[in-house]
Amino acid sequence: MSDTPDLATGNLEAPTTEAPPESAAQPSPTARQRREVHDAWVAGTEEPAWVREATDEGAQELLPEADDPAASSQRGIVVADDYVVEDDVDEEERQIINMGPQHPSTHGVLRLHLELEGEKIHRVKPIIGYLHTGMEKTAETLTYLQGGTNVTRMDYLSPFHNELVYSLAVEQLLGIDVPPRAEAIRILMTELNRIASHLVWIATQGMDVGAISMMLYGWRERELCLDFFEKVTGLRMNHNYVRPGGVAADLPDGWEDDVEVILTRIPAALAEYEEILNANPIFLDRTQGVGVITPEECRAFGVTGANARASGVDWDLRKAFPYSGIDRYDFDVPLGTHGDVYDRWLVRLEEIRQSLRIVSQVLATMPAGDYRTDDRKVTPPPRKRIDESMEALIHHFKLFTEGFKVPEGEVYQAVESPRGELGVYLVSNGGARPWRLHMRTPSFAHVQALPVMMTDSLVADIVATLASVDPVLGDVDR
Amino acid sequence: MTGWETLLTAAIKVAVAFALLLSLTIVLVWFERKIVADMQNRLGPTRAGPYGMLQTVADGVKLLFKESVTPRRVEFALYIAAPIAALVPALLIFLVIPIGRPFTLGDRVIDLAGTDLNVAVLYVLALSSLAVYAVVLAGWSSGSKYPLLGAVRASAQMISYEAAMGLALVPVILFTGTTSIRAIVDAQAGEFLSFLGIWNIVLVPSFLIFFIAGVAETNRAPFDLVEAESEIVGGYHTEYSGFRFALFFLAEYINIFNISALTTTLFLGGWHGPTFGAPEWLAWVFPIVWFFVKTVALVFVFVWIRASLPRMRYDQLMQFGWKRLIPLTLVWIILSTVAIGFRRFGAPWG
C-alpha cells in the first residue's frame, strides 16, 4: 500500500494499513452473477443457465439496489397510485414490453413500460429522464439576457412560448413595461408558433394512426410558419427572439405579406385535413372513445391546455390570466365533450383557426413605435449611440458581460403554450443571474396522466393516445 | 410434343416467370415510391438512374451485402426457413396466371402461363394460406416480443380474411362453371360494345370483397397492422436484416402483384382486350399489354389506399372481417346463386 497523503480529504498522515471490511472484499453473489452474465456476453457464449430460469428475457436481471423501496419508486418499478386493470388473469399470462425509448412513435425518448395480456394493456408506466440535460440548473449560470437561449430549447416545438414566459417573469421582477408594439409582436409570434406546433401535432397524430400522408401535409404547412420565423429571427427553431424588455429585432419589411400568405393558405389546408380524416370511418374508429380522460381527472393530474379543453374544462390562460395584451384580441376557446382522442383532434384544429383569428387582428392593429423598452439598464442602446456616447458604450459593455441585475424576489408567471399551462417560477437574490429557475411544463403533467388514458386499451390505442396528448420530451425532461 | 420439348418449355416458362417477378418487384417498388411521393408532395427517389428507377436495385444490392444479423435467442432452423416460406408460395401462385393468349410456335401451341390446373382456384387459395406460416414462424422464431405480437396479429388476420377471400370466389366459380383459371379467362371473352368481354366484374360484390381480402392477405394498409411500424416497430420482420429481410420484402411485393393479377384474371377479363384489328403476327402483344395495364392499375389502387387511409385496429379488423365481410359474402352467395340458377335454367315463372 502506498503512503501517498490523501490531499482530497486533507489527511496528510500516511493511510492506515487496516484491511478493508470482509464484505467489500468479497463481491456479493449478485455482483458475481452480474459479472458472469457480462463475461458471457462479451465472449459471445451462452449465458449461465440460471439467467434463463430467472427471467424469460435473459440478461435483464435487476440491479442489487432494486430491492430498496426508495430506489424502486424512483426507477418506476413501484408506483404508488397505479392504474391497474383488476381481473383474474394469471400473472404468467402477462408480458412486459418496453415501448421506447427507442421506438418509432414515442415522440422522442419516452419509455412506456407496458404490462400486456395479449394485446390488452393492464398497466402503463411512463418512464422519463432520457432527455434530461439539467437545463433548469444551467439557467442559474446564465445571465438573464442569456437565459433566453436556454429556455427556448426546452420545448423545441414552441420556443417562442418558452422565451415569452421567461421574459414576462423577468420583466415582472424588474417592474418594467414593454411597449405596445413589442407586446403585439410577441402575440403574433407566439400565436403563429401555436399554429406551427399544432401542425406538427396533426402530422404526427396522422402518422401514428397510420395515415402516412398526413405527416407530410402537416409538415408542408408548418414550413410556411417556419419560413416566417426564419425571416424574422434568423432561425427556424430556438430563436432567442423574445427577450426581457421586448423582442430582439423589429419585424422585417414586408412581414404583412408573409402573414397574409399564412392566413390564406392554412385555412385551406385545414379544410383538406378535415376532408381526408374527419369523417373517415377508420379514423373515427381509431380515435373516438379512445384515451378518455374526465374533467375531474384532468384537474387531479394537472392536465391543461387542449387536452383538458377536449374534456370540457373551460380553462385557457389567455382568458383566465391574460398576458402580453392578449385580452385586446377577440377569440374563442373551443371545448370538447368526450375527452377522447377525436375531441382533442377537433379542439386543436379549431385552436389553429382561433390563432389565425388572433394573427389577423394583430396584422390589422399592429401599433407603431419601439419594439423594446427604452430602459437602458435592460436593453442595449442603439448602435449609433455607442459611437457618440461614453455612457451608452458602458451600458452596452456591462449588459453583455455582467448582465443586468434583477431585484430580489420571486415570481410565478404562466402562459398558454400549445401544450398547456407553461409556467416559470423564478427566484432572484438580486444578482445578475437567477438564483433558481423552475419550469412548470405541461408535457410533464400530461405524461403522468398517460396511465389514466391508456389503461385497459389496446396496443394500437397506446400510440393514438400518446400522439394525441402531444408530449414534447424536451419539455418533459428539460 | 415430345417429353423433352415439354420439359424444356416448362423450364423456360419457370425461368421467365421468376425473372419477370423479380424485375417486376423492382419496378413496383419504384412505382409505389413515386406514386406515394407524388400524393404527399414529395419527389421520391431521384438519384439512382433516370427518375430514380434504379433506386430499388441499389437498395437490393445494399441488402444483399449487409450482414444478416442473427439474434441469439432465435430458433435458428425456423428463423432461416421463414423468409423462404414467405417467398416460395408467392412465386408459385404466379405460375397459374395466364399473362397473355396462347401463341403458336411452329406446330406447337404454347400457353403464356406456367401451367394450367383444373383446380387452379383452389391451388391459389391453398398457397395463399401457406403465406401465413411464414409470418407466424418468423414472429415466433425471432424470440422477441414485437415480432411475436406481429405474428399473433397475422395469424388471426390472415386466417379470417382467407375465409372471406375463398367465399368471394364461390359466385365466380358458379358463374363460369369451372375452377380452371384458363377456362375462367376464356369464359370472359366475348364481343360486347364491339370489343369488351362480359367480364366477371358484373359480380361486383365478389370483386370488391376479393380485392379487400386480398389487401388484408398481403398485409397492406389499412390492414398492415402485422408490420405496423408506429405500433410494433417492424412486426414479424423486426429481427430480420440483410438478405433475409430482402426475401420478406420481395415476397410482399410479389404478393401484391399476384393479388392484382388474380383480380385481373378472375374479374377483369384477364388478358382480354381490344386488339384494334392488328395483324396476326402482332396481335399476341396486345393481350400481354392489356394484362399488365389492368394489373398495374390495381397495384395503383393498392398504393392509393396506402397513401390515404389510416390503419385499422386489431379488434376492429376482426369485426370488419367476421361481422361485415363474411356475412355480406354469404348473402351475396345466396343471391348470386339464385341469379345464376335463373340464368342457366330459366326463371320458374318465365
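Among the residues of region B:107-152, count how many are among the basic types (K, R) and within 26 Å of B:A261 (Cβ to Cβ).
Qualifying residue count for the region: 1.
A quick yes/no check of all residues on (1) out of contact with any Leu (no Cβ under 7 Å at 6 or more places or on another chain); (2) basic (K, R); (3) open to solvent by 10 Å² or more (accessible area, probe 1.4 Å); (4) more than 30 Å from A:I121 (Cα to Cα):
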residue	(1), (2), (3), (4)
A:K405	yes, yes, yes, yes
A:V427	yes, no, yes, yes
A:G431	yes, no, yes, yes
A:F444	yes, no, yes, no
A:S468	yes, no, no, no
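A count restricted to region B:129-150 and to residues that are in contact (Cβ under 8 Å) with a residue 60 or more places away in the chain, in a helix (DSSP H, G or I) and either within 22 Å of A:H103 (Cβ to Cβ) or among the aromatic types (F, W, Y) (or both) stands at 8. The residue list A:L437, A:L450, A:L393 contains one member that is over 30 Å from A:P126 (Cβ atoms) and either free of Cβ contacts under 8 Å to residues at least 40 places away in the same chain or open to solvent by less than 20 Å² (accessible area, probe 1.4 Å) (or both), which is A:L393.
Here region B:1-49 is the region considered, the condition is being of a type in the set (A, V, I, L, M), without any contact (Cβ under 8 Å) to a residue 60 or more places away in the chain and not in a helix (DSSP H, G or I), and the residue that is most open to solvent (accessible area, probe 1.4 Å) is B:L43. Condition test on B:V119, is it of a type in the set (A, V, I, L, M) and surrounded by fewer than 18 Cβ atoms within 10 Å (Cβ to Cβ)? For B:V119, the condition - of a type in the set (A, V, I, L, M) and surrounded by fewer than 18 Cβ atoms within 10 Å (Cβ to Cβ) - is met. I'd like to verify a number: residues in region B:163-209 that are open to solvent by 10 Å² or more (accessible area, probe 1.4 Å), among the polar types (S, T, N, Q) and modelled with pLDDT under 80, how many? The total comes to 1. Residues of region B:64-86 that are surrounded by fewer than 18 Cβ atoms within 10 Å (Cβ to Cβ) and assigned to a helix (DSSP H, G or I): B:L64, B:F65, B:F76, B:A77, B:L78, B:I80, B:A81, B:I84.
Restricting attention to region B:1-25, the residues that are in contact with a Phe, Trp or Tyr (Cβ under 9 Å, 6 or more places away or on another chain) and over 21 Å from B:G100 (Cβ atoms) add up to 0.
One residue alone among B:G273, B:G269, B:G341 is surrounded by 13 or more Cβ atoms within 10 Å (Cβ to Cβ) and either touching a Ser or Thr at 6+ places or on another chain (Cβ under 9 Å) or in a helix (DSSP H, G or I) (or both), and that residue is B:G341. Within region A:334-357, does at least one residue satisfy the condition of being in a loop (DSSP other than H, G, I, E, B) and within 14 Å of A:P418 (Cβ to Cβ)? Within region A:334-357, one or more residues are in a loop (DSSP other than H, G, I, E, B) and within 14 Å of A:P418 (Cβ to Cβ). No other residue among B:F248, B:F291 is within 30 Å of B:D111 (Cβ to Cβ), open to solvent by less than 40 Å² (accessible area, probe 1.4 Å) and more than 14 Å from chain A (Cβ to nearest Cβ) apart from B:F291.
Out of the residues in region A:144-180 that are of a type in the set (S, T, Y) and in contact with a Pro (Cβ under 9 Å, 6 or more places away or on another chain), state the one that is farthest from A:H438 (Cα to Cα).
A:S158
Of the residues that make up region B:306-321, is at least one more than 30 Å from A:N278 (Cα to Cα) and either open to solvent by 50 Å² or more (accessible area, probe 1.4 Å) or without any contact (Cβ under 8 Å) to a residue 24 or more places away in the chain (or both)? Taking every residue of region B:306-321 in turn, none turns out to be more than 30 Å from A:N278 (Cα to Cα) and either open to solvent by 50 Å² or more (accessible area, probe 1.4 Å) or without any contact (Cβ under 8 Å) to a residue 24 or more places away in the chain (or both).
I'd like the residue in region B:50-60 that is of a type in the set (A, V, I, L, M, F, W, C) and in a helix (DSSP H, G or I) and, out of all such residues, is farthest from the other protein chains (Cβ to nearest Cβ). So, considering only residues that are of a type in the set (A, V, I, L, M, F, W, C) and in a helix (DSSP H, G or I), the one farthest from the other protein chains (Cβ to nearest Cβ) is B:V57.
What about B:I97, is it closer than 20 Å to B:I254 by Cβ and open to solvent by 40 Å² or more (accessible area, probe 1.4 Å)? Judged against the criteria, B:I97 is not a match. If you go through region A:277-299 and pick out every residue that is within 14 Å of chain B (Cβ to nearest Cβ) and open to solvent by 50 Å² or more (accessible area, probe 1.4 Å), you end up with 5. Put simply, of A:E117, A:E163, A:E171 the only residue that is without any contact (Cβ under 8 Å) to a residue 60 or more places away in the chain and either touching a helix residue (DSSP H, G or I) at 6+ places or on another chain (Cβ under 9 Å) or open to solvent by less than 20 Å² (accessible area, probe 1.4 Å) (or both) is A:E117. B:S128 satisfies every condition listed in (1) touching a Gly at 6+ places or on another chain (Cβ under 9 Å); (2) open to solvent by 40 Å² or more (accessible area, probe 1.4 Å) except (2).
Here's the yes/no breakdown for (1) more than 14 Å from chain B (Cβ to nearest Cβ); (2) open to solvent by 30 Å² or more (accessible area, probe 1.4 Å):
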{"residue": "A:S197", "(1), (2)": "yes, no"}
{"residue": "A:I202", "(1), (2)": "no, no"}
{"residue": "A:Q205", "(1), (2)": "no, no"}
{"residue": "A:V209", "(1), (2)": "no, no"}
{"residue": "A:Y217", "(1), (2)": "no, yes"}
{"residue": "A:Y241", "(1), (2)": "yes, no"}
{"residue": "A:G245", "(1), (2)": "yes, no"}
{"residue": "A:L251", "(1), (2)": "yes, no"}
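Among the residues in region A:120-131, are any modelled with pLDDT under 85, within 14 Å of chain B (Cβ to nearest Cβ), over 15 Å from A:Y241 (Cβ atoms) and open to solvent by 20 Å² or more (accessible area, probe 1.4 Å)? Among the residues of region A:120-131, at least one is modelled with pLDDT under 85, within 14 Å of chain B (Cβ to nearest Cβ), over 15 Å from A:Y241 (Cβ atoms) and open to solvent by 20 Å² or more (accessible area, probe 1.4 Å), which makes the answer yes. Which residues, taken from region B:216-242, are more than 9 Å from every other protein chain (Cβ to nearest Cβ), within 16 Å of B:A156 (Cβ to Cβ) and assigned to a helix (DSSP H, G or I)? B:A216, B:E217, B:V226, B:G235, B:Y236 - these are the residues of region B:216-242 that are more than 9 Å from every other protein chain (Cβ to nearest Cβ), within 16 Å of B:A156 (Cβ to Cβ) and assigned to a helix (DSSP H, G or I).
Listed here are the residues, each with its yes/no results for (1) closer than 21 Å to B:A134 by Cβ; (2) under 22 Å from the mean Cα position of the chain (by Cα); (3) hydroxyl-bearing (S, T, Y).
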site	(1), (2), (3)
B:G242	yes, no, no
B:A246	yes, yes, no
B:E252	yes, yes, no
B:N255	yes, yes, no
B:N258	yes, yes, no
B:A261	yes, yes, no
B:V293	no, yes, no
B:F300	no, yes, no
B:D315	no, no, no
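Only a single criterion out of (1) out of contact with any Lys or Arg (no Cβ under 6 Å at 6 or more places or on another chain); (2) on the phi > 0 side of the Ramachandran plot; (3) not basic (K, R) is not satisfied by A:A445, namely (2). From the list A:G312, A:G369, A:G336, A:G325, the one residue that fits, being surrounded by 19 or more Cβ atoms within 10 Å (Cβ to Cβ), among the small types (G, A, S) and in contact with a helix residue (DSSP H, G or I) (Cβ under 8 Å, 6 or more places away or on another chain), is A:G336.
The values are calculated or read from the model by the stated rules, or taken from the named source; none is laboratory data. Values in this document were obtained by computation on a predicted structure and should not be read as measured data. Here the Cβ is made from the backbone with ideal geometry for all residues, glycine too, and neighbour counts use every protein chain on show. Heads up: the accessible areas ignore ligands, DNA and RNA and are worked out on the full protein's heavy atoms, side chains in. Shrake-Rupley method; radii C 1.70, N 1.55, O 1.52, S 1.80 Å.
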